[in-house]
Amino acid sequence: MATIKAFECIKPTKELASEVAALPYDVYNREEALEAVKGKEYSFLRIDRAETQFDASVSTYDDRVYAKAKELLDEMRDKGVYVKSDKKCYYIYELTMNGRTQTGIVACASIDDYLNNVIKKHENTREEKEIDRIRHVDTCSAQTGPIFLAYRRNDVINDIITNVKNNEPIFDFVSDDDIKHVGYIVDDENYIATIESEFAKINEIYIADGHHRATSAVKVGIKRRNENPDYHGREEFNYFLSVLFQEQELMIMPYNRVVKDLNGNTNEEFIEKVSECFDIENVGANPYEPKTKAEVGMYLDGEWYCLKAKENILSDDAVDGLDVSILQDNVLNPILGIVDPRTDNRIDFIGGIRGMKELERRCALDMKVAFAMYPTSIQELFDVADAGKLMPPKSTWFEPKLRSGLFIHEI
């Protein structure tokens, strides 16, 4: 059973929500973050990436950066940009992109559920990326970026969401990337009790996006348990900020690949080697997006190809059967020599939101060959997590991205 609880939320005023809301901290490098906060006094990115308040001589991971993040958060609260609820509530967060809407419940999930695998993972995390968020959360005593969780359909929770969305929103705005963001408070005691009891019937919840944020929040919770050996389990550090979406609401976009060279092969040699495992069709100059599973679009020297995996390389295994695994195991590793895509600087990954033209642009700029993937499905994500396995890196790209700063959980 899952423990998903209401909480006393720190949130921006309705009037300033659009100015506060920011894309997740990890979609920017330092230069991009610096540019993004220019002239934006209330942007939460100033807190999420507080190195933007220093010159380049100060490391992103300097102690002063985390102290500045806390200072800025406290300052925003003092100014009344942020207010804290005096009641534990749930919230509804609705995002609409290109006419398609998904609606999640903002709540706190249990670190014990994470540790006991009620909340299931499908990706490895890297320690150096965890440390940054651990320090940020611990210094600010607040979780500022929600973890994106998924769960299977629940009609009772659906009905509550539908009813709450008839109320006056706590924010309603369209962000610079044309995504509409609407929030609602769930403060009815019966609804609160029902949501909690319905989640208690659910045995599996899945991390869709935000593995590093989740791991960091859990490690801060464990740290605080060690610092408070008499803890009773109800302290806020035992929970982490989440937005939970039902499976049918979610859209996964492809995570495409580009590679710098052909590992010493000529174009002809490379295509011949690929043809051992794939049926190849030259489809011309127009970008080719895969239309079905086990199909890959390949761009090489101005030409697009359709690659269809041959029967003998397909697998029923939850991980080996993923399209990203098929490409890795039959092209990237054996032909292009990319053994570990996590660490090999000859490969780069491009989220599907960037479009097919970005693959062509990168091949004209600094890459040799591009692979357009068919998107991983939410069921495939569930299957991998249920099997206790891990996906290859960069297997899923979720859109739209949850904004940071709209909901904050104080620990």
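Restricted to the stretch 330-339, and to residues that are outside any loop (DSSP other than H, G, I, E, B) and over 25 Å from the mean Cα position of the chain (by Cα), which residue is nearest to L262 (Cα to Cα)?
V331
How many of the residues in the stretch 232-253 are modelled with pLDDT of 95 or more and in a loop (DSSP other than H, G, I, E, B)?
Result for the stretch 232-253: 1.
Limited to the stretch 378-391, what total is found for residues that are in a loop (DSSP other than H, G, I, E, B) and either crowded, with 21+ Cβ neighbours inside 10 Å or of a type in the set (V, I, T) (or both)?
Total meeting the criteria: 1.
Within the stretch 321-377, count every residue that is acidic (D, E) and surrounded by fewer than 15 Cβ atoms within 10 Å (Cβ to Cβ).
2
So for the stretch 184-194 (the condition being in a helix (DSSP H, G or I), among the β-branched types (V, I, T) and closer than 17 Å to I4 by Cα), does at least one residue qualify?
yes
Could you tell me how many of the residues in the stretch 132-183 are polar (S, T, N, Q), outside any strand (DSSP E or B), closer than 21 Å to D209 by Cβ and touching a Phe, Trp or Tyr at 6+ places or on another chain (Cβ under 9 Å)?
2
Test Y231 against the stated conditions and say whether it is among the aromatic types (F, W, Y), more than 17 Å from T3 (Cβ to Cβ), over 26 Å from the mean Cα position of the chain (by Cα) and in the same structural domain as T13 (by TED's automatic domain parsing).
Here the answer is no, as Y231 does not meet what is asked.
For the stretch 101-117, state whether one or more residues are of a type outside the set (V, I, T), in a strand (DSSP E or B) and touching a His at 6+ places or on another chain (Cβ under 9 Å).
Yes, because at least one residue in the stretch 101-117 is of a type outside the set (V, I, T), in a strand (DSSP E or B) and touching a His at 6+ places or on another chain (Cβ under 9 Å).
In the stretch 175-202, how many are under 23 Å from the mean Cα position of the chain (by Cα), surrounded by 12 or more Cβ atoms within 10 Å (Cβ to Cβ) and not basic (K, R)?
Count: 8.
Right, Y66: at pLDDT 95 or above and not in a helix (DSSP H, G or I) or not?
The answer is no for Y66.
So which residues in the stretch 8-53 are in a helix (DSSP H, G or I), among the aromatic types (F, W, Y) and farther than 22 Å from G210 by Cα?
none
Return yes when K87 is touching a residue at least 24 places away in the same chain (Cβ under 8 Å) and touching a helix residue (DSSP H, G or I) at 6+ places or on another chain (Cβ under 7 Å) and no when it is not.
Answer is no for this residue.
The values are calculated or read from the model by the stated rules, or taken from the named source; none is laboratory data. Remember, it's a predicted structure, so these values are computed and weren't measured experimentally. Don't worry about glycine lacking a Cβ; one is built from the backbone with ideal geometry, like all the others, and counts go over all protein chains shown.
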